[in-house]
1. Explain nothing, just compute: Karplus ³J(HN,Hα) = 6.51 cos²θ - 1.76 cosθ + 1.60, θ = phi - 60°, for every residue of region B:157-166 in order, whole Hz, x for Gly and Pro.
2. Output the peptides A:52-60, B:207-215, B:140-148 sorted from most to least packed, where packing is the average of other Cβ atoms within 10 Å over each peptide's residues.
3. When you look at the Cβ of every residue in A:35-44, what mean number of other chain Cβ atoms sits within 10 Å?
4. I'd like the FRET efficiency for A:Arg10 and A:Glu39, computed as 1/(1 + (r/R0)^6) with the beta carbon distance as r and R0 of 51 Å, rounded to 0.05.
5. What does the charge dipole of the protein assembly as shown about its Cα centre add up to, to the nearest 20 debye, if the Cβ of each Lys and Arg holds +1 and the Cβ of each Asp and Glu holds -1?
6. Just from its helices, what would the mean residue ellipticity at 222 nm be for chain B, if runs of 4 or more DSSP H residues each count -39500 (n - 2.57) and the sum is divided by every residue, rounded to the nearest 500 deg cm²/dmol?
7. Quick check: with the 1.4 Å probe, what order do B:Lys98, A:Lys84 take by accessible area, largest first?
8. Inside 10 Å of the C-beta atoms of B:213-220, what's the mean count of C-beta atoms belonging to other chains?
Amino acid sequence: MNVTRGFAGRPRVRNDGLPPGQYDAGDDWPVLSAEVTPELAPAEWTFTVDGLVAEPRTWTWDEAHALPPSAYEGDIHCVTSWSKFGVRFSGVSLDAFLGPVRPSAEATHAVAYSHTGYTTNLPLADLTGGRAWIVWEYGDEPLPAEHGGPARLLVPHLYFWKSAKWIAGIRLLDHDEPGFWEQNGYHHRGNPWEEQRYSGD
Amino acid sequence: MPGRIAVSTRAAATWQRATLTEIRRETPYAATFRFAVPDWAGHLPGQHLMLRLRAQDGYVAQRHYSIASPPDDSGHIELTLDHVDDGEVSGWFHTVAKPGDEVELRGPLSGFFAWPGDRPALLIGAGSGVVPLMSMVRHHRASGLTVPLRLLVSARGPEELIYASEYGPETTTVFTRTAPEGVAVGRVSAAHVAGLLADGPDGGWEAYVCGSNGFAEHASRLLVDAGQPVDRIRIERFG
Ligand SMILES: Cc1cc2nc3c(=O)[nH]c(=O)nc-3n(C[C@H](O)[C@H](O)[C@H](O)COP(=O)(O)OP(=O)(O)OC[C@H]3O[C@@H](n4cnc5c(N)ncnc54)[C@H](O)[C@@H]3O)c2cc1C
């Protein structure tokens, strides 16, 4: 790749936490969603796990809040190039929802879908083992609607479009099924450290 | 959510060289940058691309920009950039770039916000959010389309209105801070949106909203309140 004439970039400190091609957004938290922010009250929110499972199940807001709490503290990375360091989200580990439904042995992938019809696909392995959450608090405040409140999926080790806002459920499948952005040319997995932005990366 | 338009994943995956051929000032804060991109795969109005600049030490900055030009087969595309205070990439464009410079880009990306010119379109943009919408307006004109098209564009004042000389009867301008004598100052309002919806074609509009997040929230809320179905509102947020 060629050097751009006269481009030095902003003075920067070396930051090992920054995946390739990303910049530190600092206190900013850009909103990137292609749809109208829904007005979804916690009382209307539900979360369902179904598909290749022994016992499909739906949790209400109160039922989900009765599960053991779990928080994520760390970094997040958006495919549009910003990263945000040291954020804290609280909610429940996805393992707490997946345990009781008993996923079938054939389940290899999942489609996460929102109350607005947004979808995104993930390998099941990216959702288990304490690597994914359903979260409803950012810092110590309720998650703002424009950032996916009342509750969103959080899969911080992948680009943030995988962390579906206004999460409604997860369907387990025995194959990969591209979601909204993936059908729009984005990468199927979206690992920021490998710069898996667009299909073909 | 609204459906999508299939896009070439190969074009999206490949970085190409683009040579800056012309810079046109639009306003004191915005300029249009024209590039020769010989292998450009073509695009639909409304699509964006990713652009990257590389420093001597290997540091890379990449940002998304909407394509301002309509589809054309001359191997050229245009971007219009606001000069963001302390902006790393827009700063380079506004203070360093000159014709002959090379940058790299990949795209076009995402068919979601694209408008092929098939359905009546109601376009609402603010500031540089008008960029992808202008690609649609230009396409509409260049191709002599008769499908209804309306543009509602908001700017702080007349001197900050990008593409001011290009608007025609399809466009309503709204000024939020300063306006010419006799013209009201204010935000895009329920009345503007109600008027455009009332004046809509049979079957209604496909709505395209583009701008800062604050503007996108405001405008999309007005549309929903005025009865526009949520699954016929597409939003592009510049952050
Ligand atoms: C789909 C899409 C399409 C877009 N289309 C357009 C378009 O057509 N035209 C357009 O003008 N823009 C567009 N944008 C916005 C564009 O991508 C950039 O965000 C914009 O140009 C600013 O980039 P920058 O490098 O100049 O500013 P940045 O360097 O990213 O700075 C942005 C702001 O953050 C502050 N900042 C960031 N990092 C630091 C730091 N380390 N230290 C201090 N301050 C910092 C800066 O002071 C500044 O106020 C689009 C965005 C998206 C997502």
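The values are calculated or read from the model by the stated rules, or taken from the named source; none is laboratory data. Worth saying up front: this structure is predicted, and the values here are computed from it rather than measured. Quick reminder, even Gly has a Cβ in these numbers, built from the backbone with ideal geometry, and neighbours come from all protein chains shown. The accessibility values were calculated without ligands, DNA or RNA, using every heavy atom of the protein model including side chains. Shrake-Rupley method; radii C 1.70, N 1.55, O 1.52, S 1.80 Å.
1. x, x, 6, 9, 7, 6, 6, 3, 7, 9
2. Numbers: A:52-60: 14.7, B:207-215: 23.0, B:140-148: 13.0.
Highest to lowest by the protection proxy: B:207-215, A:52-60, B:140-148.
3. On the way: counts 9, 17, 8, 2, 2, 0, 0, 0, 0, 0.
The per-residue average across the peptide is 4.
4. Values: r = 38 Å, r/R0 = 0.74.
Efficiency at R0 = 51 Å is approximately 0.85.
5. On the way: 37 positive and 54 negative charges, 164 e Å.
Rounded to the nearest 20 debye, it is 780 debye.
6. Details: 5 runs with 48 residues, N = 239.
One gets -6000 deg cm²/dmol as the mean residue ellipticity at 222 nm.
7. On the way: B:Lys98 110, A:Lys84 10 Å².
Highest to lowest solvent-accessible surface, that is B:Lys98, A:Lys84.
8. Values: counts 7, 2, 0, 6, 5, 0, 1, 3.
Partner Cβ neighbours, averaged per residue: 3.
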